[in-house]
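Participant: Take this structure, written in structure tokens, and hold onto it; I'll ask about it next.
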Amino acid sequence: DAGVIQSPRHEVTEMGQEVTLRCKPISGHNSLFWYRQTMMRGLELLIYFNNNVPIDDSGMPEDRFSAKMPNASFSTLKIQPSEPRDSAVYFCASSRRQSGRDQPQHFGDGTRLSIL
Amino acid sequence: QQPVQSPQAVILREGEDAVINCSSSKALYSVHWYRQKHGEAPVFLMILLKGGEQKGHEKISASFNEKKQQSSLYLTASQLSYSGTYFCGTGAAGNKLTFGGGTRVLVKP
């Protein structure tokens, strides 16, 4: 079975450029999560969706960050304009959402983003 | 608020045991445990949903003490493959997780 697919795997770009990260969740999963991981701040939840609807975006650091989920099989995280402090590994994860029961989250391989 | 994990790092010889703790200042609904190897994605180990519940994954088990707002992960007879960083994630409604800072485990031959 295909896992969560993220692209690109690596992105190096200059400060001020727009960056778009992509995620395809596991088929049948209806919750999708975007995380950022850095040495200083660890693994932080940025935003999550249930059934394509954003539920909690309180972790999105600034207005420069935006996320969309136009359908059940695709999501994007956009940074515009990018800054060096945005350099991090960005993970997308998906899970089944089942009322009253937690489900495991399955992580993609991540996008390693470097802003010069 | 982020759960607190201890210790931050542990070095073991193959076959030794270790305990990793995860404490929260808020009432816990659930606790998830994940392991991440260097340069890879976190991988799910187990979920604990009830106070006092214990679960296992190979020779890795965990307990959840709702009263103490704490979970512990037990690495028994550790193997080289257990090396990595272990994260606990505390669950809230809607499957949202808040991850601890991680515990780095190194198992040496």
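Participant: Only one of these conditions is not met by residue B:107: (1) within 14 Å of another protein chain (Cβ to nearest Cβ); (2) crowded, with 18+ Cβ neighbours inside 10 Å; (3) more than 15 Å from the chain's Cα centre (by Cα). Which number is it?
Facilitator: Tallying (1) within 14 Å of another protein chain (Cβ to nearest Cβ); (2) crowded, with 18+ Cβ neighbours inside 10 Å; (3) more than 15 Å from the chain's Cα centre (by Cα), residue B:107 fails exactly one: (1).
Participant: Return yes or no: is residue B:87 touching a Leu at 6+ places or on another chain (Cβ under 6 Å), within 14 Å of another protein chain (Cβ to nearest Cβ) and either aromatic (Phe, Trp, Tyr) or within 26 Å of residue B:39 (Cβ to Cβ) (or both)?
Facilitator: Judged against the criteria, residue B:87 is not a match.
Participant: Right, here's the next one. Those residues that are farther than 26 Å from residue A:71 by Cβ, in contact with a Phe, Trp or Tyr (Cβ under 9 Å, 6 or more places away or on another chain) and hydrophobic (A, V, I, L, M, F, W, C), I need them from segment A:18-45; list them, please.
Facilitator: Across segment A:18-45, the qualifying residue is only A:43.
Here's the yes/no breakdown for (1) within 14 Å of another protein chain (Cβ to nearest Cβ); (2) among the aliphatic types (A, V, I, L, M); (3) surrounded by 14 or more Cβ atoms within 10 Å (Cβ to Cβ):
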site: A:40; (1), (2), (3): yes, yes, no
site: A:43; (1), (2), (3): yes, yes, yes
site: A:62; (1), (2), (3): no, no, no
site: A:67; (1), (2), (3): no, yes, yes
site: A:84; (1), (2), (3): no, no, no
site: A:92; (1), (2), (3): yes, no, yes
site: A:103; (1), (2), (3): yes, no, yes
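Participant: Further question on the same structure: Of a type in the set (A, V, I, L, M, F, W, C), at pLDDT 85 or above, crowded, with 22+ Cβ neighbours inside 10 Å and farther than 23 Å from residue A:108 by Cβ - does that describe any residue in segment B:62-72? Show your work before the answer.
Facilitator: Taking segment B:62-72 first, the residues of a type in the set (A, V, I, L, M, F, W, C) are B:62, B:64.
Within this subset, residues satisfying the condition of being at pLDDT 85 or above are B:62, B:64.
Filter once more, keeping what is crowded, with 22+ Cβ neighbours inside 10 Å: B:62, B:64.
Restricting the remaining residues to those that are farther than 23 Å from residue A:108 by Cβ gives B:62, B:64.
Within segment B:62-72, one or more residues are of a type in the set (A, V, I, L, M, F, W, C), at pLDDT 85 or above, crowded, with 22+ Cβ neighbours inside 10 Å and farther than 23 Å from residue A:108 by Cβ.
Participant: Name the pairs: first residue in segment A:1-15 and free of Cβ contacts under 8 Å to residues at least 60 places away in the same chain, second residue surrounded by 10 or more Cβ atoms within 10 Å (Cβ to Cβ), Cβ to Cβ under 9 Å, at least 6 apart or on different chains?
Facilitator: Close Cβ pairs satisfying both conditions: A:1/A:26; A:1/A:27; A:2/A:24; A:2/A:26; A:2/A:27.
Participant: Sticking with this one: Could you grab me the full set of residues in segment B:2-48 that are of a type in the set (A, V, I, L, M, F, W, C) and not in a strand (DSSP E or B)? Break it down into steps so the answer makes sense when it comes.
Facilitator: The first filter runs over segment B:2-48 and keeps only residues of a type in the set (A, V, I, L, M, F, W, C), leaving B:4, B:9-12, B:18-20, B:22, B:27-28, B:31, B:33, B:41, B:43-48.
Within segment B:2-48, B:27, B:28, B:41 qualify.
The values are calculated or read from the model by the stated rules, or taken from the named source; none is laboratory data. Remember, it's a predicted structure, so these values are computed and weren't measured experimentally. Here the Cβ is made from the backbone with ideal geometry for all residues, glycine too, and neighbour counts use every protein chain on show.
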